[in-house]
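To keep things clear, I will list the structure first and then write my remarks on it.
No value in this document is a laboratory result; all are computed from the given coordinates. Predicted model, so just to flag it, every value in this text is computed and none were measured. Here the Cβ positions follow ideal geometry from the backbone for every residue, glycine too, while neighbour counts run over all protein chains shown.
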Amino acid sequence: MKTASLREAKEQLSHFVNKAQKDFLLITKHGKPAVLVRGVEGNDMEDIFYMTNREFWKTIRQRRKQKGIPWKKAKQSL
């Protein structure tokens, strides 16, 4: 993970956007972590929305805890 100060990030934004496509970029403010930048090039807007939506992932975790139905039974209902 690359680390840069806020000042560096402002001065070299294009450079750091390109770097963030390959690795995370931690931007610091007054020497303390402020923001983590992740490149999303190659993903569409819908994928990015779901990757970053906390409610979506909360729902996924809840559903995974629920008991499902066996595959044979699901096929019979088709």
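Of the GluC sites (Glu not before Pro) in the chain, the ones in a loop by DSSP (not H, G, I, E or B) with at most 13 other beta carbons within 10 Å are Glu41.
Dividing the Cα radius of gyration of the chain by its Kirkwood radius returns 1.26 for Rg/Rh. Basic side chains Lys and Arg get +1 at the Cβ, acidic Asp and Glu get -1 at the Cβ, and with that the dipole of the chain about its Cα centre reaches some 800 debye.
GNM on the chain, alpha-carbon springs under 10 angstrom: the most fluctuating residue among Gln66, Gln12, Gln21 is Gln66. In region 2-65, taking the dipole from charged Cβ atoms about the Cα centre, the farthest positive-side position among Val40, Ser14, Thr52 is held by Thr52.
Under 5 Å from the amide H of Phe24 lie the amide H atoms of Lys2, each residue being 5 or more positions distant or on a separate chain, with H modelled from the backbone and absent for Pro and chain starts. Taking the chain as a Gaussian network of alpha-carbon nodes connected by springs under 10 Å, the highest mean-square fluctuation of the residues Gly42, Gly68, Gly31 belongs to Gly68. The 3J(HN,Hα) values that the Karplus relation (6.51, -1.76, 1.60; θ = phi - 60°) gives for region 23-34 are, in residue order, 7, 5, 10, 9, 9, 9, 10, 6, x, 10, x, 10 Hz. Gly and Pro appear as x.
Run lengths n ≥ 4 of DSSP H only: what is the helix-derived mean residue ellipticity at 222 nm for the chain, with -39500 (n - 2.57) per run over all residues, to the nearest 500? Before the final figure, lay out the partial values.
Numbers: 5 runs with 40 residues, N = 78.
Counting only the DSSP helices, I get -13500 deg cm²/dmol.
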